[in-house]
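The values are calculated or read from the model by the stated rules, or taken from the named source; none is laboratory data. What you see is a predicted model, and the numbers here were worked out from it, not measured in a lab. Here the Cβ is made from the backbone with ideal geometry for all residues, glycine too, and neighbour counts use every protein chain on show.
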Amino acid sequence: MRILIVEDEPIIARRIARLTRSILDDANLIIEAAEGLDSAQDALLERDIDLLFLDLNLHGADGFDLLTTSVAGAFHTIVISAYTDRAIEAFEFGVLDFIGKPFGRERLAQALQRLHAPGARTDPPARYLAVRASGRVTLIDVERVLALQGAGSYSELVLRDGSTTLHDKPLKRLVTLLPDDFVRIHRSYVVRMSAVAHFLAREGSRYAVELHDGTTLPVGRTRVDAVRERLV
């Protein structure tokens with residue numbers, strides 16, 4: 001696991017690293033640090049990471065300038081900042097957690113636990129999904145999203161207007177940021193339940209849901225009961 005800490009106070013960066021090593025107890029853990037936006041952006045371009053710890057005040061620069069780029073990545077972002085009044089805004093952009101300064105080991109452990117908690121959702125959920133395309137980051141309102149399909153290490157967003165776009169996060173990471181209305185119906189599909197019109201049972205014990213726009217998506221056999229319950 002590779003972690004990048006973006007924090008302009010070396011003492012705090014070292015403390016985050018020390019506590020993280022203690023909590024995760026992973027011999028293969030790699031932790032690096034960057035003090036400013038430029039060095040952080042370079043590090044994100046050069047290396048694949050699993051988690052970003054991000055401060056929002058970097059030598060007077062606004063960490064949100066990096067946040068909108070980082071949440072479009074395949075990794076999760078946890079903000080650690082004294083600017084707790086910006087927590088809701090950060091969650092809207094799709095961070096996994098927001099830790100206010102000062103913080104203790106227990107609070108950091110709680111945030112790190114969310115990395116590996118299956119089905120755990122952020123609260124509040126993301127309002128936007130940041131998508132990177134052609135060198136630019138575009139914010140897509142979650143209200144425009146009907147479904148998601150796993151596409152290898154990416155996720156394909158299916159939008160209300162019928163268009164699709166790729167997100168760099170894999171399905172298992174992206175679904176943790178979404179509202180509870182989004183349900184995993186298949187290993188490769190997540191759907192907005194309020195967009196489902198019908199549950200379909202087909203020959204050969206095959207199942208599907210039909211959306212209001214006529215789109216049909218498969219339902220995995222192990223998820224049939226859970227989907228039916230949500231549609232009652």
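In the range 95-130, what residues are assigned to a strand (DSSP E or B) and surrounded by fewer than 18 Cβ atoms within 10 Å (Cβ to Cβ)? Walk me through how you get there before you give the answer.
Pass one, the range 95-130, residues assigned to a strand (DSSP E or B): 97-100, 128-130.
100 - this is the single residue of the range 95-130 that is assigned to a strand (DSSP E or B) and surrounded by fewer than 18 Cβ atoms within 10 Å (Cβ to Cβ).
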Failed criterion for residue 31 (all others in (1) part of a strand (DSSP E or B); (2) within 21 Å of residue 123 (Cα to Cα) hold): (2)
So residue 201, is it at pLDDT below 95, surrounded by fewer than 18 Cβ atoms within 10 Å (Cβ to Cβ), assigned to a strand (DSSP E or B) and not β-branched (Val, Ile, Thr): yes
So residue 164, is it surrounded by 16 or more Cβ atoms within 10 Å (Cβ to Cβ), out of contact with any His (no Cβ under 7 Å at 6 or more places or on another chain) and not hydrophobic (A, V, I, L, M, F, W, C): no
Residue satisfying all of: in the range 216-232; under 12 Å from residue 200 (Cβ atoms) and not charged (D, E, K, R); modelled with the lowest pLDDT among these: 231
Residue match in the range 29-50 (condition: without any contact (Cβ under 8 Å) to a residue 12 or more places away in the chain, more than 19 Å from the chain's Cα centre (by Cα), in the same structural domain as residue 98 (by TED's automatic domain parsing) and closer than 18 Å to residue 110 by Cα): no
Test for residue 192: is it of a type in the set (Lys, Arg) and surrounded by fewer than 19 Cβ atoms within 10 Å (Cβ to Cβ): no
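For the range 34-55, how many residues are assigned to a helix (DSSP H, G or I) and not hydroxyl-bearing (Ser, Thr, Tyr)?
Final tally of qualifying residues: 9.
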Complete set of residues in the range 64-94 that are touching a residue at least 40 places away in the same chain (Cβ under 8 Å) and part of a helix (DSSP H, G or I): 66, 68, 69
Failed item in (1) within 24 Å of residue 139 (Cβ to Cβ); (2) of a type outside the set (A, V, I, L, M); (3) crowded, with 18+ Cβ neighbours inside 10 Å, with residue 62 passing the rest: (3)
